[in-house]
Structure formats: C-alpha cells, structure tokens
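Undergrad: Can you read through this structure? Questions will come right after.
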Amino acid sequence: MTAAYNGNLIATKAPNLPIAPTDYSFDYQNQISNAFRLYFTQIDNFTQATVIPLSGTTANRPNAKLLVGRQYFDTTLGIPIWWNGVHWVNASGTTV
C-alpha cells in the first residue's frame, strides 16, 4: 500500500515478510524482493511529497509531484495558495 501525503503525516507500515524456507528458493527470493520493493516505494512516495517547500516566492513555487490540495504560502503575494491539479489558486479559487 502506498501512502500519499495530504498534509498529515502518514506512518509507513513495515511489510509482512514471507517465512524463509530451509533450502534456497527462487520463488521466496522474488516474494521478499517484491515486499521490499513495495515498502521502499511507500517510503519514497512519502519522502518525495514531504520535501516540497511549504513557502517561498512566486518564482520558486513547486510545480512537480504535487497532490491536489497542496498548500503553499506565497511570500511574494503574502497569502496561502493551493494546487488544484492544474494551477495555483487563492482561497476564492482564482488562479494566481
């Protein structure tokens, strides 16, 4: 399960790892690799979403990897704005 950052911290969940067989098993190696891949993808998605700056100038607004509803305080305008999936908008919904 991949957790998306929506303004609240979401705890990651460690994967349930399969029990190792006594002998080498290619299928087991695939299962454990998939479990780790999913877990690290979950962590990557969380950390990428949380490193986006919360405030800055109009010229420095983030424009990649943003979730709808992402808030940003624009220090040039002196107001909070939100990402609507296409544009940054103010509280009344006007593109800024």
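The values are calculated or read from the model by the stated rules, or taken from the named source; none is laboratory data. This structure is a prediction, so every number in the text was calculated from the model and none was measured. So basically every Cβ, Gly included, is an ideal-geometry build from the backbone, and we count neighbours across all protein chains shown.
Undergrad: Consider SER33 carefully, then state whether it is among the hydroxyl-bearing types (Ser, Thr, Tyr), without any contact (Cβ under 8 Å) to a residue 12 or more places away in the chain and in a helix (DSSP H, G or I).
TA: Judged against the criteria, SER33 is a match.
Undergrad: Could you check the range 55-78 and list, in sequence order, the residues that are surrounded by 12 or more Cβ atoms within 10 Å (Cβ to Cβ) and either part of a helix (DSSP H, G or I) or hydrophobic (A, V, I, L, M, F, W, C) (or both)?
TA: Of everything in the range 55-78, those that are surrounded by 12 or more Cβ atoms within 10 Å (Cβ to Cβ) and either part of a helix (DSSP H, G or I) or hydrophobic (A, V, I, L, M, F, W, C) (or both) turn out to be THR58, ASN60, LEU66, LEU67, PHE73, LEU77.
Undergrad: Here is a list of conditions, (1) within 12 Å of the chain's Cα centre (by Cα); (2) at pLDDT 85 or above, and TRP88 meets all of them except one; can you say which number that is?
TA: (1)
Undergrad: Next question, about the same structure. Considering the range 36-54 alone, what residues qualify as being surrounded by 11 or more Cβ atoms within 10 Å (Cβ to Cβ) and either part of a loop (DSSP other than H, G, I, E, B) or among the charged types (D, E, K, R) (or both)?
TA: ARG37, ASP44, ILE52, LEU54
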